[in-house]
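Heads up: the structure comes next, in structure tokens.
Each value in this text was obtained by applying a stated rule to the coordinates, not by laboratory testing. Everything numeric in this text was worked out from a predicted model, so none of it was measured. Virtual Cβ from ideal backbone geometry, glycine too; neighbours counted across all protein chains shown.
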Amino acid sequence: MQLSFPAVRAPLKFYAVVPDAAWVERMVKAGADTVQLRNKTLEGEALRAEIRRSVAAVEGSRTQLFINDYWQEAIAEGAYGVHLGQEDMDTADLAAIARAGLRLGLSTHSVAELDRALSVRPSYVASGAIFPTTTKAMPTQPQGIERLREYVRQAGDTPVVAIGGIDLDNGAEVLAAGASSLAVVRAVTEAADPEAVVKAFQALWD
């Protein structure tokens with residue numbers, strides 16, 4: 001069966017990756033284009049409640065919400081989209097995600113992984129880490145700007161979200177390489193004024 005996932009509703013642009021529903025609410029209020037709930041600690045009903053609260057937070061807003069990893073809970077709670085890693089492609093029921101009408105984002109770290117991700121026609125692909133990052137242990141070396149340009153060419157019409165070590169000092173360079181979205185973790189969650197950071201990033205597109 002040929003899989004296909006809906007296109008994103010609007011350009012993903014500034015993409016905040018945050019740990020809980022309170023952060024999702026904060027990013028929606030700040031006007032973030034896209035938010036991903038990436039929670040590694042909750043499970044069961046507590047996890048479901050966090051996803052439910054996050055889904056409620058974006059209702060009526062222009063923010064696009066993706067749930068990291070927990071695709072079954074994302075479907076059950078009526079989420080907009082789900083984001084999966086390469087290893088999740090082996091275990092997740094991609095057909096069920098497609099049937100539910102959720103958008104799908106997939107992480108990639110090489111030409112081969114990007115090729116594999118594009119084969120299921122996801123809503124977007126994430127490529128990284130572009131620069132060194134301390135947020136999580138990466139299986140590959142930083143990809144750099146030149147490699148990102150190659151990925152953008154390879155992805156064609158599929159939006160490319162750049163992630164890994166991105167901040168306000170290098171964001172413009174990443175966009176110039178063709179990325180359609182900048183995903184950040186620490187640049188927001190460790191900022192003194194996260195709301196101001198959202199606006200500063202969004203100004204890079206203007």
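Key figures for this structure:
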| quantity | calculated |
| --- | --- |
| Nearest-20 debye value, the chain charge dipole, Cβ charges on Lys, Arg, Asp, Glu | 360 debye |
| Charge tally in the Cβ shell below 14 Å around A49, where Lys, Arg are +1 and Asp, Glu are -1, A49 excluded | -4 |
| Top positive-direction residue, dipole computed over the chain with Cβ charges, set A10, L42, A96 | A10 |
| Alpha-carbon spread of segment 64-133, three principal axes, descending order, Å | 34, 24, 19 |
| Estimated distance in nm for a label pair at S4 and D115, the labels positioned 7 Å out from Cα along Cα-to-Cβ | 2.4 nm |
| Estimated [θ] at 222 nm from DSSP helical runs (n ≥ 4, -39500 (n - 2.57)) normalised by residues in the chain, nearest 500 | -10500 deg cm²/dmol |
| Qualifying GluC sites (Glu not before Pro) in segment 15-123, DSSP loop, other Cβ atoms within 10 Å at most 14 | E43, E59, E87 |
| HN-Hα J in Hz across segment 6-13 - Karplus 6.51, -1.76, 1.60, θ = phi - 60°, x for Gly and Pro | x, 5, 5, 5, 8, x, 6, 6 |
| Within-14-Å neighbourhood charge of A10 [Cβ basis; K, R +1; D, E -1] | +3 |
| Convex hull (Cα only) mean projected area of segment 13-205, reported in nm² to one decimal | 10.1 nm² |
| Equivalent ellipsoid semi-axes - Cα gyration tensor, segment 108-206, angstrom | 23, 15, 12 |
| Shape parameters for segment 3-56, alpha-carbon atoms, Rg then Dmax in Å | 12.3, 34 |
| Total charge dipole magnitude, segment 115-206, about the Cα centre, Cβ charges on Lys, Arg, Asp, Glu only, Debye to nearest 20 | 400 debye |
| C-alpha center-to-center spacing [segment 92-113, segment 142-206] in angstrom | 21 Å |
| Segment A49-T134, extension gain: residue separation times 0.36 nm, minus the distance between their alpha carbons | 27.7 nm |
| Other-chain or far-sequence residues with amide H under 5 Å of Y80's (modelled H) | L65 |
| Max mean-square fluctuation residue, GNM over the chain, Cα-Cα springs under 10 Å, options K29, K40, K13 | K40 |
